[in-house]
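*Asks:* Handing you this structure, nothing more for now.
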Amino acid sequence: MMLRCMRECVEFLEKEGELVRIKSEIDPELEMAYLHNRIFETSGPAILFEKVKGSPFPAISNIFGTYNRALKILEPELSKVSSLIRLISSDPSTALKSPIKSLKSLTSLIHALPLKGSFLRSKKGSVLDCKCKISDLPKIKCWSDDGGAFILLPQVFSIDPEHPKNILRSNLGMYRVQLSGGEYVKDQEVGIHYQLHRGIGNHHAKALKKNQYLPVSIFIGGSPAHTLAAIMPLPEGMAEVAFAGALAGRAFRYDFMGSSKNSFESVVSLDADFCITGRIVLGKTKPEGPFGDHLGYYSLVHQFPYIEVDRVYHRKDAIYPFTVVGRPPREDSVFGKIIHEITKSAIPKKLPGVTAIHAVDVAGVHPLLLAKAMERYIPYEKSQKPRELLTHANAILGTGQLSLAKYLIICSDSDNSELKIDDEMGFFIHALERIDFTRDIHFQTCTTIDTLDYSSEELNEGSKVVFVAAGEKRRELLRYIPSNIYIPEPFSDARLAAPGIVVVKAPKFKSYEDADKEIKTLALSLNNLDRLPLFVVVDDPVEASGDFSSFLWITFSRSNPSHDIYGSGSFTLFKHWGCQAPLIIDARIKPFHAPPLVYDPKVAQKVAQKVDSMAKRGGELYGIF
């Protein structure tokens, strides 16, 4: 569906019965986010907030709240782009077998070339229609301890400083932008937080090397396809604006605008609902955060660059889109599913021999990566050992944002080609049935991890581990905990989280020195438990065993492999660490961890009462939840 701006998106969703209008005034301080979460959790409609307290602009959220609604918005161009990626990634001769289907996919290339010029400012208007101030925007604060208001669906645009006029040498990414709070000067500065391995970082590094500022534009709204383009993990050198045009079915329209106070030009997206222009201040930083992030924790206050704002443009009929992130699954989880569907056919071409990759959303995406690949190095070997799988693992951890994975579990495709990569429990069972803990655990220490991952004491620094599983089944996993298992003090309350996986309650974490002593005591009592090969030490075994999603989130977001993995009969031989079953992971909350996202009880009660009253008969949300 070709939608040029948020107003057209609202009209389309309302026609489809996929929108609810909230006519009463809603406070952007916590109320809007709470209401969004309640409706998202019921797979409810998109939400148009017609009156936002303190702002002249309406706001919309939950646009991509369900996969089916996202498909309605993005089709038929999504299918064409997916077909184009399959065509490019496969043998070109396949195009000859289905020329009509191939021609349809190639039509998306027509829209991939961006269009520049003031003549594109149509009679229906553009982002250059009006101007406002930063303080006029909806000041949405989602979680009680957030450091201020944030732009929650920003499209941050920058151009390679070495090619300042080449739109195809640009980067469009979704990096959070702090509008208020902290030390930012009101209406003059906003914070920008970008993580490791982001395209804007390359541009910023070049600008610093040239000792010059970096012009940056922040687009908000416009075509929903532009929002998705900003988070697409495209190959380096491929412009997101080209992908945005192809996915929107309408070329990305832009123009250069001069600065009101400095001799630089900024790019504006003419179809955007809002556009903030400015530049990253040269060589300076300010405290940014805290912010309730998509791992389910607060990212804390750290020094980050900030933007000196030049102008804020908006359409006459502008609508401000936003989302709410937090412990997955959330609305951004739908983005992840769409991206997986678009890119899955390209994986074998990008990583030959790798047949499937799955970044586990409920674990926070980067903390846990599952993969299947071919094991062909010594096919005549009677007892298959992981060999080629290690080559594939290195390739995966050296590719784009996959390099941020903390835990990588990779299995041989030939052992079970029907194994579903997105069936997390089934995948774990398959891997645990085959892994040899004395041989198949491979660490990388003192390396980089995701900026948002606080399982290490140092920002951006931590460790990685690869678990490799191939060959015949080594063990049958138990689906119960035998009554004769001895759990020594201070541990207690062992519970089965899944076949072969046990969670155990432990005392509050004090230090790694204490943990080493405690868990070694546990390990000594767990000898010869080959059929229960994974134990996880947790603060709350009831929560960790309640469902497999909770187990994955707790285990892999709260552990640093090099520091938190132990094992029965562990040893180090020629720098290689191994153990007998069971492997033990310490997934307790550590003193240096970021706090998990929870509602302040008093605030939640107050907001919940208001939202509940709106859901009563005669209220604006009656029948929604």
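The values are calculated or read from the model by the stated rules, or taken from the named source; none is laboratory data. In this text, all values refer to a predicted model and were calculated from it rather than measured experimentally. Counting neighbours? That spans all protein chains shown, and the Cβs are built from the backbone with ideal geometry, glycine included. With ligands, DNA and RNA removed, areas are computed over all heavy atoms of the protein, side chains included. Shrake-Rupley method; radii C 1.70, N 1.55, O 1.52, S 1.80 Å.
*Asks:* Rounded to the nearest 5, what % of DSSP beta bridges with both residues in the chain are antiparallel?
*Replies:* 70 percent
*Asks:* Right, something else. Alpha carbon centre of segment 166-223 versus segment 366-430: separation in Å?
*Replies:* Value for the Cα centre distance between the two parts: 36 Å.
*Asks:* Quick one: which of 352-364, 334-346 comes out on top by average Cβ neighbours within 10 Å, and what's the full order, highest first?
*Replies:* Listed from highest to lowest mean packing, they are 352-364, 334-346.
*Asks:* I've got another one for you. Run the quick spin-label model on THR285 and SER492: label points 7 Å from Cα toward the beta carbon, then report their separation in nm to one decimal.
*Replies:* 4.4 nm
*Asks:* If you split all Cα-Cα distances of segment 182-250 into 10 Å bins from zero, what percentages do you get per bin, shortest first?
*Replies:* Percent of pairs per bin, in order: 16, 40, 34, 10, 0.
*Asks:* Can you give the relative contact order of the chain as a percent, counting alpha carbon pairs under 8 Å and 6+ residues apart?
*Replies:* Dividing the mean separation by the residue count of the chain yields 13 percent.
*Asks:* Hey, how many Å between the Cα centroid of segment 445-473 and the Cα centroid of segment 588-604?
*Replies:* Cα centres, segment 445-473 to segment 588-604: 23 Å.
*Asks:* Which whole-number value in Å² is the accessible area per residue of the chain, probe 1.4 Å?
*Replies:* Each residue of the chain exposes 42 Å² on average to a 1.4 Å probe.
*Asks:* Another question about this same structure. Would you work out what percent of the accessible area of the chain, with all protein chains in place, is carbon or sulfur (probe 1.4 Å)?
*Replies:* Carbon and sulfur atoms account for 53 percent of the accessible area of the chain.
*Asks:* Express in nm, to one decimal, how much length is gained between SER613 and SER383 on full extension, taking 0.36 nm for each residue of separation and deducting their alpha carbon distance. Mind showing how you got there, number by number?
*Replies:* On the way: separation 230, 0.36 × 230 = 82.80 nm, distance 6.50 nm.
That pair, SER613 and SER383, stretches by 76.3 nm at full extension.
*Asks:* In percent, what relative contact order does segment 134-207 have, based on Cα pairs under 8 Å that are 6 or more apart in sequence?
*Replies:* Averaging sequence separation for qualifying contacts and normalising by length gives 31 percent for segment 134-207.
*Asks:* Mind checking the full-extension length gain between ASP547 and LEU115? Use 0.36 nm per residue of separation minus the Cα-Cα distance, one decimal, nm.
*Replies:* On the way: separation 432, 0.36 × 432 = 155.52 nm, distance 4.94 nm.
My answer for the length gained is 150.6 nm.
*Asks:* Say the cut-off is 31 Å between C-alpha atoms; which of LYS15/LYS337; LYS72/LYS602; LYS284/LYS510; LYS316/LYS616 go over it? Kindly include the intermediate steps, with their values, before the conclusion.
*Replies:* Values: LYS15/LYS337 25 Å; LYS72/LYS602 39 Å; LYS284/LYS510 37 Å; LYS316/LYS616 35 Å.
Table pairs above 31 Å Cα-Cα are LYS72/LYS602; LYS284/LYS510; LYS316/LYS616.
*Asks:* Would you kindly state how much longer the chain becomes between LYS517 and GLU75 on full extension, computed as 0.36 nm times their sequence separation minus their alpha carbon distance, in nm to one decimal?
*Replies:* Contour length minus Cα-Cα distance gives 153.4 nm.
*Asks:* How large is the helix-only mean residue ellipticity at 222 nm for the chain, computed as the sum of -39500 (n - 2.57) over DSSP H runs with n ≥ 4, divided by its residue count, in deg cm²/dmol to the nearest 500? Mind showing how you got there, number by number?
*Replies:* Values: 18 runs with 164 residues, N = 625.
Computed ellipticity for the chain at 222 nm equals -7500 deg cm²/dmol.
*Asks:* Moving to a separate point now. How many nm separate the modelled label positions at LYS349 and PHE625, each set 7 Å beyond the Cα in the direction of the Cβ?
*Replies:* Those two pseudo-labels are separated by 4.1 nm.
*Asks:* Still on this structure: Past 19 Å, Cα to Cα, is the threshold; run LYS350/LYS464; LYS372/LYS420; LYS133/LYS186; LYS165/LYS206 against it and keep the listed order.
*Replies:* LYS350/LYS464
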